[in-house]
Every structure is written in C-alpha cells, then in structure tokens.
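Derivation of every value follows stated rules applied to the coordinates shown; laboratory data play no part. Worth saying up front: this structure is predicted, and the values here are computed from it rather than measured. A quick note on method: Cβ atoms are made from the backbone with ideal geometry, for glycine too, and the neighbour counts reach across all protein chains shown.
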Amino acid sequence: MVPDHEIVRQFSCTSGELELEFELVPRPRYGSVVPAIRNFGNLGWRIDAGRGVCWIRSSIPLRFKDGVAHACAHMRAGESAAFSLSYTENAPAVLPPLDQVPHRIETCVGWWTRWVSQMRYDGEFKEEVIRSALALKLMTFAPSGAIIAAPTTSLPEKIGGGLNWDYRYCWLRDASMTIRAMIELGYWQEASAFLDWMLHATRLTQPELHILYTVFGNRAPREWKSGLRGYRGSSPVRIGNAARDQLQLDVYGEVIDAAAQYAFHGGNLDLAMQKALAGFGDYVLGHWQLPDEGIWEPRTGRTHHTHSRLLCWTSLDRLLTLHAQGKLRGINVDQYKKQRDLIGDQIRRRGWNEKMQSYVSELDGDKLDSSLLLLSWYGFEKPDSQRMRSTYAALRNRLATRKGLLYRSESLPPEGTFAICSFWEAEYLALGGGTISQTRDLLQTLATYQNDLGLYGEEISEETGEALGNFPQAFTHVGLIGAVLSLDQRQKGEQQLAHRRESANAGQSHPTAA
Amino acid sequence: MNWGSWALSSLVATLALSTLMALSQGLGLTRMNLHFMVGTILTANRDRARLYGFLLHLVNGWLVSLLYVFIFETRHYVSCWFGTLLGLAHALFFLTVITSLLPTLHPRMATERHGPNSYRQLEPPGFMALNYGYQTPLWVFVSHAAFGAIIGALYRLQ
C-alpha cells in the first residue's frame, strides 16, 4: 500500500562519521497554527493539520517540544537513517515501514528514469531540457493534468520590496507554449491531459475565460495579505491572486493556439471541444477592441496592448486554419476573416511606431516590452522581416542589460530581468531573427543562470545573477524548451512551429497595411 | 420472516449509512472510510479497495440487518424508533468492540504495539475510532441510527 501523499528522506553515511540533526516545524495555515501532536508509539507521531493528519516517522528517536520535532544521531560509515512524512485527509492513513524506504526510493527513481527516457530531444542542451521537463512534470497536478505556474507564493521579484505574488495556480496564458513543449518532446499524454483540463476547467464560464484557475478547475481565491515576514524581509506575503479579476484578452489566443497545435499533431478535437473553441472565437469577435490589463498584469488599469491584439488575431487565424483543415465546424468564416484582417491592420498601423522604427507595447505608444518578440512566434511577422529586425534592435537597445539579459517592460516598476523574455529572444533568433550560432551563444549564457538542479525562477537579478520571484517557474522552463526545440529544428532543417505555417504566409501577404 | 421486505429495507438502510459516512468524510468531519477499510481486507489497491469495500459492505449490511429483523420478529414489534434504538446499540458495539478487534482481524491494519510492517500498514481506529477524528463517534452513531431507523420504518412483519 502507498500513502496518499508522502515525503521520504534517507541519510546514508558512506565514509567516516557524521552528526545528523533533524528538525521539523509543522505550522499549517500559513504559520498561524501550532498543531496538536501526539505520540502513537511504534506507529509514529501524529500531527493534526486542519482537515487531515500528518504522520511523521523516523528510524532514529524523535522528540517533540513546543511543536518542533528534533532528532539527532551520530552516524558511522555504512549506517543510514530514514524519515517519512505522510499526509492524508479522507481515509485512514497508510503507514509504510521505514525499512522499505530504500526500495521505494529506487522504485521512484526508476519511474522518473523511464519517464525521461521517453523524451524525443537528444541535442546539445539535453541536460537543460530534461531538467525543465522534470520541473514541468513535477508542477503537474496528476489527477487533473493542470500545471501550476510555480509551487510558491511571494518569493520576491525585488528583495525587500512588495512585488510578491501567489503563483500556485494555473494560468491559461501558459497553455500554447506548454502544449507545444510537451508534444514536441514526446509527452503526448501530458499535453492531452493539460488540454482536457483546460477545456474542462473553463466549462462553467465559457465562452468567457478567467485568467487563472486552481488545479481543481475553480476560480483562484481572492487575494489577501498574510502576516508572514516574507523571504529576506520581503513583505507582504500574498495568498490568492488579484489578477483573477482582470481582463486579459490574450488568453483566448493562447488557449486556441494550444488546441490548434494539438490538432495539428494529430489530436482529435471532439464536438464539445469544437463548440468551446468556436465560442472563444465568437467572444473574441465581440471583445477584441476593448482595452485590457494585458500579459504583464499591471495593477494600474486597462489599455490597448499590442500583445493582446496579437493574440486576438491569433485566435481567429488559428480557428480559420482549423476550419480550412476540416477540424473545426461552426464558425462564421467570412466574419472571422474580416475581423482577423482588421486586427492585423490595426497592429501594423497603430502597434508600429514609425519614429522608433519598432512595434510598441501599446497602440499609438512609444514604450517597449519583450512580448513583442512573440509577433513572429505566433506567425504574424516573419522573424527576418525588416520590421521584426528593427523591433528586435530597439528591444536590445532599451531592455537588454550589459550581461545580455532582458527586462520585460519599460512601463513596470524596477525588478529583475525576466527569464522567459531571454528565452523568447533565443527562440526569435532560432526562428530566423538571428543565426544558429547567436542562438547557441545566448542559450549557453542563459544556462549559466540555472541553479545546481537546473532550475530557474521567474526573474534573474542583473547584479548577482540569483533567481528572483517564485521558484521554480514553469513558464521559464517552457521558454527554455521552446527555444531549444526551435534551434534543433533549424539545425535539422525541419519546419518550425509548423502549426501556424499558413498564418505566417498570410501575415506576409498583407504588406500594403504596413 | 418477510424476505422481500428485509432485502429492500436493508439495501436502502445500508445505502443511507454509506451516504452519510461519505458525506461526513467529504465535509472533513471524519477520516473513517468504511469502504476503504473493508476493501483493503481484500486488496492493497486503493481504487479497487473502495469498490470491493462498497460491495462487501452492502453484503454486510444485509447480514447484520438479519439480526435486526430477527429481533423485530421475535418481539412482534417494529417501528422507526425501535429501529433507531437498535442502530444506536449497533454503533456502540461497533465503536467499542469491533474497533478494538479490528487491528487483529484486519490483515492490513497496523497495531500500536508493533507498528507497521511490510503487510500491516493501515492506521488503526483506536478507542471509539477517535484516531480518525474526534467527531467520528458522533457520525458513527448518526449513520447507524439512520440505518436502524430505515429498517424499522420499511420492514413489514410477517
């Protein structure tokens, strides 16, 4: 039998001697409760934790004092110690014996090794891609297939500052790039589960989409500030996320593009999925002209973001492609084409600043942000077009650091450089905005910022190179995988991001609008 | 004895008992999961254990209700209230006698004396099943009272 949830630790002294000290400080409800703890002899110690219970078991004697568990031992070569912390809430607990810990660790490692061996990528950045794929898999809620943005809340984007957010939810925005990463690495089952979850979780609000959901498919909770001090004095520590009340029109494009990738790679869009997608498309038809909070979720109000327009364009473009391929019914083709072209014209006219010779963050604006690199990712602009090249040059000029990293936006308060933006840059170069060698150099530079486990946070400190923001960050790892895959495809002369090939051609066929 | 009445009343009563216990688990009031506990007698697989446990518990409900019906028939009296009294007595017997014997009877249940081993790993219920939450006895009484009340209300004497 296996427990519902369990963490095991095994310490082995391989040579010499060592002093082992173990401490466990259980504090449920964000540290506000010192739980009741009771000794059950050979069964272990039981910790009451809200609706459920934790059991802590140790192969060396454990003492509890003031709600803190201590254990210490002097270990000699060949000796080992094992600990098990399990949690259950809807049935009697399962308490596996500690002498099974080595076997269970072996079984666990075997499972992950087999999972990794299914990966199709076998190139120069294999180790980085494996670590990223593992991070994504570990942030997947297995029963539903939902992938959270990060497992932490309020690790600061600026040490000592207030840019601390709760990321323990699923952002629909991550959908498209995540599905692409999973499918092209060979993890079809994970991609399929994620898409199923996405369309299932949003069923109650369709055709309207929320920005983020819990792993159970519920709306994310309202934001509140806990009394915790925060990491290195960075307070407040927020629980819940206020972005749940925002309007971010780009999520429609992300969800539809995810479905398009799934269908392009052979996945079947059943009637319910087709109906949902057509509903999203119709919603976009009626709302694309609205201002929104946009991809970076500022809390300063709504405006007309170029990136949001791009994803509205993507929504209609992908649905038209799916329809043309016979994979989608129930859309008004003429209306979709007309509105798609209207959005495209607006991006080319008002999203482009002639004086700066660059696309800009907001329509008729003069500020830049790194999401403009995605104009070529979604097939709106060819990466080697004059406009994309000069936009890239402007972005480098205004948002790049001396060490080559990118900030995400000129319009946001000071923070670290944004890790996924650098991977978007690498992918832009791989897609044709630069050379193979430029892409490799940038990826190699970015690899120096991962930690010893190959993990990235949301941001990277320009000064120290340390990770900032919630950690590890799924979106950053999705960006890494995407950039490496596009590089690999270019090196092999394969079609890149093939699901939007026709869209890219379509983008090229409207030069008059420029 | 009215066999048809017995079969129907005990089926409805057992389903009601299962529903009440499942409700109390879902609300986080107790971790007593009868289907899981009964099913793990047969299998270590969690999902199958719940299904087997449900079926086995259904059969068990029929068998135990035979005793209820036997008492009704020998006393030539049946009512909802009499059934409720029998249900409460049944719950008391379960919480005191059965739960104390369970670690010995259940092949996969650990004991506080010996701790878990490679086969016995299930947390024992403890006195009055309090290990599964302090509200567990209350819900056992409520669900068994409902069990007895339903048999008492639905059973027709021969």
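Descriptive notes on the structure:
- Note on A:L20/A:L228: beta-carbon distance plugged into 1/(1 + (r/R0)^6) with R0 of 30 Å gives a FRET efficiency of 0.55.
- Listed by Cβ neighbour count within 10 Å, with the fewest neighbours leading, A:F83, A:F141 appear as A:F141, A:F83.
- Rounded to whole numbers, the Karplus 3J(HN,Hα) couplings from phi for the stretch A:179-185 are 4, 4, 4, 5, 5, 6, 7 Hz, using 6.51 cos²θ - 1.76 cosθ + 1.60 with θ = phi - 60°, and x at Gly and Pro.
- Shown in residue order for the stretch A:254-271 are the 3J(HN,Hα) couplings computed by the Karplus curve 6.51 cos²θ - 1.76 cosθ + 1.60 at θ = phi - 60°: 5, 5, 5, 5, 4, 5, 5, 5, 4, 5, 4, 8, x, x, 9, 8, 6, 4 Hz (x for Gly and Pro).
- Gyration tensor (alpha-carbon) shape descriptor, the stretch B:1-79, a/c threshold 1.5: prolate
- Nonlocal amide H pairs with A:L163, under 5 Å, H built at 1.01 Å: A:E157, A:K158
- Remark: the Cα gyration tensor places the stretch A:1-149 in the oblate category, a/c being 1.5 or greater and a/b not exceeding b/c.
- Ranked A:S371, B:S100, A:S15, criterion: other C-beta atoms within 10 Å, fewest first: A:S15, B:S100, A:S371
- Calculated [222 nm] ellipticity per residue, helices only, for the protein assembly as shown: -14000 deg cm²/dmol; basis is -39500 (n - 2.57) per DSSP H run with n ≥ 4, divided by all residues, nearest 500.
- Normalised convex hull volume, the protein assembly as shown, alpha-carbon set, Å³ per residue: 185
- Between B:N131, B:N60, B:N45, the residue with the greatest mean-square fluctuation in the GNM of chain B (Cα pairs under 10 Å linked by springs) is B:N45.
- Rounded to the nearest 20, the Cβ-based charge dipole of chain B about its Cα centre (Lys and Arg +1, Asp and Glu -1) stands at 200 debye.
- Counting all C-alpha pairs of the stretch B:3-154, share separated by more than 22 Å (%): 40
- Among the listed pairs A:K382/A:K403; A:K126/A:K492; A:K225/A:K367; A:K355/A:K403; A:K275/A:K327, those whose Cα-Cα separation exceeds 22 Å are A:K382/A:K403; A:K225/A:K367; A:K355/A:K403.
- Per-residue HN-Hα couplings for the stretch A:475-486 [Karplus 6.51, -1.76, 1.60; θ = phi - 60°; Hz; x = Gly/Pro]: 4, 4, 5, 5, x, 4, 4, x, 5, 5, 5, 5
- Taking other Cβ atoms within 10 Å as a rough exposure proxy, A:L455, A:L319, A:L442 sort from fewest to most as A:L455, A:L442, A:L319.
- The shape of the stretch A:56-109 comes out oblate: with a ≥ b ≥ c from the C-alpha gyration tensor, a/c is at least 1.5 while a/b does not beat b/c.
- In this structure the amide hydrogen of A:L269, modeled in the peptide plane, comes within under 5 Å of no amide hydrogen from residues 5 or more places off or on another chain.
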